[in-house]
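J.: Below: one structure in structure tokens.
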Amino acid sequence: MRYSPEALTAFVETVAAGSFSAAARRLRKSQSTISTSIANLEADLGFELFDRSARQPVLTVQGEQVLGYVQAILAASTRLDELAVSLTAQTEARLTFVLSDTLNPDVLEDLMKQFDARFPHTEFECLIGEEEDVIDLLQKERAQVGLTEARDGYPTDIGATRLPVQTRMAIYVATTHPLAGQHEVQSDELHGWRELRLSTYLEREAEIACGPVWSAPNYLLLLSMAVQGFGWCVLPCALVDEFAAAKSLVQLNVPGWPRAIGIDLLWNKRSPPGVAGSWLRQYLQDAR
């Protein structure tokens, strides 16, 4: 008996996301498509995978038993795709890398030098994106490899690994900002001043603001806004060191800050990177 890969993916994603609608959003499909795929899978199997009597679908006993097998099937399919790419040994004519501003600029500089030496005939395109935008670009196959701030989970079609490097994030204001002269600033005090906040292009659930907010889709633009004195902002320390003019920004002394955050390396499981993309993945996984 053969089962549709789309149905298996819909099943696993629904379990991970907690609802048919959330799974549909993560897979960029309609809710009816997800519901139909799972209903067809249940028809093929001969039993229900979810108890739909509650507000949100809950795995049945049979569904819990099936889940591990389906995850193993999808994992094996991913490994087969990667093996096929490896065996054909095809170097991409073009590689698109979507990266977060949280990546240390020194790491990016060395990566490009190494890439140029190894793949001089491969066009290398860099895009800047954060969070949901990175995932969206990978799912649409607009990019092959991506970086983003670490999170707990990803859609089932996105492969992810945690990099060994971390990024330090701190809160900054312009030297001309009224908060710049304070020895210590409490978190509650920040709410009285404009926050410069990261906001992705892709729609997501709005985060409740405790005060006035301006937003931008990447940290470099937020840095520019902060330098001009428009508000306070959480920024990668390495980005500030590299691109902010000397003494243009002040790091605020806020309890709990600076913070270290993880960085995740992402790729699309359905269209795994070729030789150049695989090299880039390995380079970043070995970076220190």
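The values are calculated or read from the model by the stated rules, or taken from the named source; none is laboratory data. Note that the structure is a prediction, hence the values are computed from the model and not measured. Note: ideal-geometry Cβ built from the backbone for every residue, glycine included; neighbour counts use all protein chains shown. Protein only, heavy atoms only, side chains kept; ligands, DNA and RNA dropped before computing areas. Shrake-Rupley method; radii C 1.70, N 1.55, O 1.52, S 1.80 Å.
J.: Which of the helices (runs of 4 or more DSSP H) contained wholly in the stretch 1-67 include at least 1 residues that are open to solvent by 60 Å² or more (accessible area, probe 1.4 Å) and farther than 22 Å from Ser77 by Cα?
T.: Values: elements: 5-17, 20-27, 31-45.
Per the criteria, 20-27, 31-45.
J.: Show the residue pairs meeting these rules: Cβ distance below 7 Å; 6+ apart or different chains; first residue within the stretch 18-32 and more than 17 Å from Glu132 (Cβ to Cβ); second residue open to solvent by 60 Å² or more (accessible area, probe 1.4 Å).
T.: What qualifies is Gly18/Gln56; Ser19/Gln56; Phe20/Gln31.
J.: Quick check on my filter: what residues within the stretch 116-139 are open to solvent by less than 40 Å² (accessible area, probe 1.4 Å), of a type outside the set (Asp, Glu) and in contact (Cβ under 8 Å) with a residue 60 or more places away in the chain?
T.: Phe119, Thr122, Gly129, Val134, Ile135, Leu138, Gln139
J.: Go through (1) open to solvent by less than 20 Å² (accessible area, probe 1.4 Å); (2) β-branched (Val, Ile, Thr); (3) modelled with pLDDT under 90 and name the single condition Thr88 misses.
T.: Of (1) open to solvent by less than 20 Å² (accessible area, probe 1.4 Å); (2) β-branched (Val, Ile, Thr); (3) modelled with pLDDT under 90, only one is false for Thr88: (1).
J.: Open to solvent by less than 40 Å² (accessible area, probe 1.4 Å) and not in a helix (DSSP H, G or I): is that true of Val107 in this structure? Before you say what the answer is, go through the steps one by one.
T.: Values: open to solvent by less than 40 Å² (accessible area, probe 1.4 Å): yes; not in a helix (DSSP H, G or I): no.
No, not satisfied.
J.: Among Asp101, Asp81, Asp116, which is more than 19 Å from the chain's Cα centre (by Cα), among the acidic types (Asp, Glu) and either at pLDDT below 85 or not in a helix (DSSP H, G or I) (or both)?
T.: Numbers: Asp101 fails: more than 19 Å from the chain's Cα centre (by Cα); Asp116 fails: either at pLDDT below 85 or not in a helix (DSSP H, G or I) (or both).
From the options Asp101, Asp81, Asp116, the qualifying one is Asp81.
J.: A further question follows. Out of Ala16, Ala10, report the one residue that is in contact with a helix residue (DSSP H, G or I) (Cβ under 6 Å, 6 or more places away or on another chain), closer than 27 Å to Gly159 by Cβ and among the hydrophobic types (A, V, I, L, M, F, W, C).
T.: Working: Ala16 fails: in contact with a helix residue (DSSP H, G or I) (Cβ under 6 Å, 6 or more places away or on another chain).
After applying the criteria, what remains is Ala10.
J.: Now for a different question. Is it the case, given these coordinates, that Thr91 is out of contact with any His (no Cβ under 6 Å at 6 or more places or on another chain), outside any loop (DSSP other than H, G, I, E, B) and either within 21 Å of Gly274 (Cα to Cα) or β-branched (Val, Ile, Thr) (or both)? Explain how you work it out, then say what you get.
T.: On the way: out of contact with any His (no Cβ under 6 Å at 6 or more places or on another chain): yes; outside any loop (DSSP other than H, G, I, E, B): no; either within 21 Å of Gly274 (Cα to Cα) or β-branched (Val, Ile, Thr) (or both): yes.
Against the criterion (out of contact with any His (no Cβ under 6 Å at 6 or more places or on another chain), outside any loop (DSSP other than H, G, I, E, B) and either within 21 Å of Gly274 (Cα to Cα) or β-branched (Val, Ile, Thr) (or both)), Thr91 does not qualify.
J.: Residues that are open to solvent by less than 30 Å² (accessible area, probe 1.4 Å) and in contact with a strand residue (DSSP E or B) (Cβ under 6 Å, 6 or more places away or on another chain): which strands (runs of 3 or more DSSP E) entirely in the stretch 140-252 hold 1 or more of them?
T.: Details: elements: 145-149, 158-174, 195-198, 213-216, 232-236, 249-251.
Those strands (runs of 3 or more DSSP E) span 145-149, 158-174, 195-198, 232-236, 249-251.
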